[in-house]
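Working notes, beginning with the structure itself.
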Amino acid sequence: MELKTAVVTGASSGIGAATARHLAREGYRVLCVARRADRIQALADEIGGMAVPCDITDEDQVQTLAQTVGDQLDLLVNNAGGAVGLEPVGEADLDAWETMYRVNVLGTAQVTKTLLPALEAARGTIVFVTSTAADGGYEGGAGYCGAKAAERAIVETMRLELFDKPVRITEICPGMVHTDEFSLTRFHGDQAKADKVYAGVAEPLVADDVADAITWMATRPRHVNIDRMTIRPRAQAAQFKVFRES
Ligand SMILES: NC(=O)c1ccc[n+]([C@@H]2O[C@H](COP(=O)([O-])OP(=O)(O)OC[C@H]3O[C@@H](n4cnc5c(N)ncnc54)[C@H](OP(=O)(O)O)[C@@H]3O)[C@@H](O)[C@H]2O)c1
């Protein structure tokens with residue numbers, strides 16, 4: 001049987017790396033995409049995949065990714081993204097907003113539109129990793145919530161536009177996931193601030209939990225479209241209603 005091929009963006013850490021590992025265990029040949037070439041090369045060596053260094057906000061690099069993919073692609077996991085900053089709008093760093101929009105929205109759109117013909121040819125699936133931040137605003141979150149809401153708009157629009165095409169358009173919205181880098185990036189490398197996000201949460205979600213859900217979504221029978229899955233740790237009843245033991 002021919003191997004199915006998956007592209008996972010943001011595969012150099014966190015949810016993306018875990019998803020690449022889960023998909024490889026399911027028998028996919030995984031193209032691991034991110035900017036840090038050393039990390040994705042190590043991952044590709046581990047799982048028998050392929051490293052494709054690529055900044056998804058760079059059109060030329062995404063074109064090169066498409067050439068590497070070729071004519072057929074079974075699965076695209078649009079995972080690259082993240083948050084920068086947690087300031088109120090009155091103190092917003094708009095350069096950080098631009099960075100968030102460039103990667104979560106424009107980069108994701110660039111990858112998606114460029115790989116769409118190969119996905120259509122293979123009757124493929126797209127999984128967008130948005131966030132519960134797309135559900136509505138929270139204090140300090142306007143830039144990130146807006147970017148993730150815009151990413152969700154791509155999902156909702158594409159599902160309508162492609163209703164008569166054999167491509168599944170799905171979305172997973174994680175709540176709090178304790179990954180090594182998400183909060184570190186958000187707080188510009190301040191480890192103490194990053195640790196505080198998860199302090200006292202006995203069992204936060206980890207990257208493997210989200211990877212497991214993505215893999216489940218992608219491996220449903222072809223006629224089953226998981227439109228949107230929200231996944232949170234049990235301790236998180238709502239965005240800021242989190243049970244902390246200490
Ligand atoms: N952790 C959470 O609580 C949480 C919750 C909801 C949603 N999410 C979403 O889940 C996704 C993964 O988050 P995570 O927690 O795994 O964070 P992470 O470890 O910081 O992963 C982010 C990934 O995106 C890649 N990336 C960033 N900019 C890129 C660019 N321009 N081109 C290519 N790759 C780029 C990074 O790789 P390089 O730096 O090597 O390029 C990295 O692999 C993100 O979209 C995030 O918004 C996370």
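Coordinate-derived values only; no laboratory data. This one's a predicted model, so the numbers in the text were calculated from it and none came from an experiment. No Cβ is skipped: glycine too gets one built from the backbone with ideal geometry, and neighbour counts run over all protein chains shown.
Just subtract the alpha-carbon distance of A121 and E139 from 0.36 nm times their residue separation and send over the number in nm, one decimal.
2.2 nm
Can you tell me which aspartates and glutamates have their Cα less than 14 Å from the Cα of K241? Leave out same-chain residues fewer than eight positions away.
E139
Checking the table K4/K165; K113/K196; K4/K113; K148/K193 against a 30 Å threshold on Cα-Cα, which pairs fail?
K113/K196
For the chain, with a Gaussian network of springs between Cα atoms less than 10 Å apart, report the residue from R186, R168, R222 with the top mean-square fluctuation.
In this elastic network of the chain, the residue with the biggest mean-square fluctuation among R186, R168, R222 is R222.
Where does the chain land at 222 nm, in deg cm²/dmol rounded to the nearest 500, when only DSSP H runs of n ≥ 4 count, each adding -39500 (n - 2.57), divided by all residues?
About -12500 deg cm²/dmol.
How far, in degrees from 0 to 90, does helix 59-69 lean away from the longest principal axis of the Cα atoms of the chain, to the nearest 10?
With both axes taken from Cα atoms, the answer is about 50 degrees.
Based on the alpha-carbon gyration tensor of segment 52-196, what equivalent-ellipsoid semi-axes (square roots of 5 times the eigenvalues) come out, in whole Å, largest first?
29, 16, 13
Which trypsin sites (Lys or Arg not before Pro) in segment 28-62 pass both tests, a DSSP loop state and at most 14 other beta-carbon atoms within 10 Å?
The qualifying sites are R36.
Among L119, L43, L162, which one shows the biggest mean-square fluctuation in a GNM of the chain, springs joining Cα atoms closer than 10 Å?
L162
Given the options A218, Y144, T132, identify the residue whose Cα lies farthest towards the positive end of the charge dipole of the chain (+1 on Cβ of Lys, Arg; -1 on Cβ of Asp, Glu).
Of the candidates, A218 comes out farthest on the positive side.
Could you work out the pair-distance distribution P(r) of segment 1-84 from its alpha-carbon pairs, with 5 angstrom bin width and percents rounded to whole numbers?
3, 17, 29, 27, 16, 6, 1, 0, 0
Of G124, G70, G90, which has the largest mean-square fluctuation in a 10 Å C-alpha GNM of the chain?
Highest fluctuation of the listed residues: G90.
What FRET efficiency, computed as 1/(1 + (r/R0)^6) with R0 = 22 Å and r the Cβ-Cβ distance, is obtained for D195 and D93, rounded to the nearest 0.05?
Efficiency at R0 = 22 Å is approximately 0.50.
For helix 37-47, what angle does its Cα long axis make with the longest principal axis of the chain, in degrees from 0 to 90 and rounded to 10?
60 degrees
As a test, work out the antiparallel percent of DSSP beta bridges whose residues both lie in the chain, rounded to the nearest 5.
Approximately 5 percent, going by the DSSP bridge assignments.
How long are the semi-axes of the equivalent ellipsoid of segment 126-246, defined as square roots of 5 times the Cα gyration tensor eigenvalues? Whole Å, largest first.
Semi-axes (√(5λ), whole Å): 29, 17, 12.
Magnitude of the Cβ-charge dipole of segment 4-242, K/R +1 and D/E -1, about the Cα centre, nearest 20 debye?
760 debye
For segment 178-235, take the alpha-carbon Rg, divide it by the Kirkwood Rh, and send me Rg/Rh.
Radius of gyration relative to Kirkwood radius: 1.11.
Can you give the percent of C-alpha pairs in the chain whose distance is more than 29 Å?
24 percent
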